[in-house]
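Here the structure is laid out as structure tokens; the discussion comes afterwards.
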Amino acid sequence: MSDRHAPNGFRTFLILWGTQSLSVFGSALTYFAMTIWMTQALYPRPDQQPQLAFALALVGLAGMIPALLMAPIAGAWVDRHDRKRTMIVADFANVLLSALLVALIASGRLELWMLLVLVVAFGTLQAFHGAAFDTSYAMLVPEHLLPRANGMMQSMWALSNVISPAIAAAIITLPALARQGLLPAGLAGWLAGLRDGSALAIAVDGATFLVAAVTLLFLVIPSPVRTDLNTVGGKPQKSLWADIREGAVYIWRRPPLLWLLGTFAVSNLTGAPLQMMHPLVLKFTLARDLAARGLEFAPAMALLAAVAGIGGVAGGALISAWGGLKSRRILGVLIPVLIAGLFQVCYGLSPLFYLSVAAVAICDAMVPILNAHSQTIWQTQTPRELQGRVFAVRRVIAQCTAPLGTVLAGWAGGLIDPGRVVAIAGGIMVCFCVVQLFNPQLLKVEDKALLDGMAARTGD
């Protein structure tokens, strides 16, 4: 298969995007439902707050760490195997895991250790599914439409953060409403028998995975043919670990790509405090303004999260409709990062709740724009048959700084005002980004001939 996109590829992408978006929304339902189950069923008493906090942290790590650690292996895998088949297997496996989780919750047998095992399995499957999906639509979409496709992907993630919690909350309450006689008789009969509505929300997630898997069976999604895998007796001589190393070497020998990756590593490091400090900023930095407006902590937190999500959706819609920059796309990365950093400083220093809400919404609106431009650069600079390996290494390096930023922010937030921690991190992001605007190597990141020449001089 050549590197050219498939005929009718964008139409296929639209179908793929629609069904996979459905499964993304479903996954958000599951994670929300698991949180509700831990809060209301596993540790419901006020005196169990320490245990609940510990359990929430464990579940978060159980989903994040396997996905991060398995990313290089998954990337090398999808460069060797049919990407469509990988997505189908992952989707069907997710159906089975969802069914098991539903059965355990409905029977009252689910324990924390079981949940952790299942979340690790979900995270591992997501690593393989994500690697296959991220590298598949570059085979379908013409290059000039890649920014729009990437914008649609960003909109999908942002929108799921806005609507999935509300949908999950509504689904979880259905059994209780049925027992109160508030639903039609045809529905109330079997719903009233469910002891925990969380199982119902997770069942919906399983159904979305099933729809996604069945749809894939009828789509034509090409995978690039590897010409560098010499085989003996049908087995490749080149090991999976050699593939992983090749992905790292590809980036290392192209300094402009390395600078682009470094930009995201720094932005994830300095952006992490913004995400984790919301409760502390509301409770301490904005306490006086909240009291003056008669706002309680919980509704203020909900409003902040909702408006931030709407900002992300707006940014995704903008890049989807606009299509992004057609040249000098690196400015489509750096300028949004710079804007996000400036408004992060504003958020951290603001004593006014509504100003802070507006600032965080603008920060979140920049994320889809910068991510769409970055993804387009990587897709156009990386050969199709190498994208799994390269993108996996890229993901690990860029995202490994976020946990460090979270730890540092938590430590600093215990010593000084949390708003100042957020503002200082935003200031570092702004200064780094301004310097990058004058980095001659980074500004040439879209010159493929230059990048390949650099690699050739270092032995690629």
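The values are calculated or read from the model by the stated rules, or taken from the named source; none is laboratory data. None of these values were measured; they are calculated from a predicted model. Note: ideal-geometry Cβ built from the backbone for every residue, glycine included; neighbour counts use all protein chains shown.
How many of the residues making up the stretch 113-163 are of a type in the set (Asp, Glu) and at pLDDT 80 or above?
Pass one, the stretch 113-163, residues of a type in the set (Asp, Glu): 134, 143.
From what is left, the residues that are at pLDDT 80 or above are 134.
Number of matching residues: 1.
The criterion of being touching a strand residue (DSSP E or B) at 6+ places or on another chain (Cβ under 9 Å) and of a type outside the set (S, T, N, Q) does not hold for ARG109.
Out of GLU111, GLU143, report the one residue that is within 22 Å of ALA372 (Cα to Cα) and of a type in the set (D, E, K, R).
Working: GLU111 fails: within 22 Å of ALA372 (Cα to Cα).
Among GLU111, GLU143, only GLU143 is within 22 Å of ALA372 (Cα to Cα) and of a type in the set (D, E, K, R).
ALA106 passes every criterion in (1) out of contact with any Lys or Arg (no Cβ under 9 Å at 6 or more places or on another chain); (2) surrounded by fewer than 23 Cβ atoms within 10 Å (Cβ to Cβ) apart from (1). Would you confirm whether any residue within the stretch 355-365 is surrounded by fewer than 18 Cβ atoms within 10 Å (Cβ to Cβ) and within 15 Å of GLY312 (Cα to Cα)? Yes: one or more hits. For PRO66, the conditions (1) touching a Ser or Thr at 6+ places or on another chain (Cβ under 6 Å); (2) modelled with pLDDT of 90 or more all hold with the exception of (2).
Of the residues ALA306, ALA314, ALA321, the single one that is within 22 Å of GLY348 (Cα to Cα) and out of contact with any strand residue (DSSP E or B) (no Cβ under 7 Å at 6 or more places or on another chain) is ALA306.
Just to be sure, is MET64 in contact with a helix residue (DSSP H, G or I) (Cβ under 9 Å, 6 or more places away or on another chain) and surrounded by fewer than 17 Cβ atoms within 10 Å (Cβ to Cβ)?
Numbers: in contact with a helix residue (DSSP H, G or I) (Cβ under 9 Å, 6 or more places away or on another chain): yes; surrounded by fewer than 17 Cβ atoms within 10 Å (Cβ to Cβ): yes.
Yes, satisfied.
Take the residues in the stretch 263-316 that are in contact (Cβ under 8 Å) with a residue 60 or more places away in the chain and not in a helix (DSSP H, G or I); name whichever of them is surrounded by the fewest Cβ atoms within 10 Å (Cβ to Cβ). Checking each candidate, the answer is MET277.
So is PHE122 assigned to a helix (DSSP H, G or I), assigned by TED's automatic domain parsing to the domain that holds ALA203 and under 15 Å from ILE202 (Cβ atoms) or not? So PHE122 fits the description; yes. When LEU415, LEU404 are checked against the criterion of being assigned by TED's automatic domain parsing to the domain that holds GLN436, of a type outside the set (D, E, K, R) and over 20 Å from THR285 (Cβ atoms), LEU404 stands alone in meeting it.
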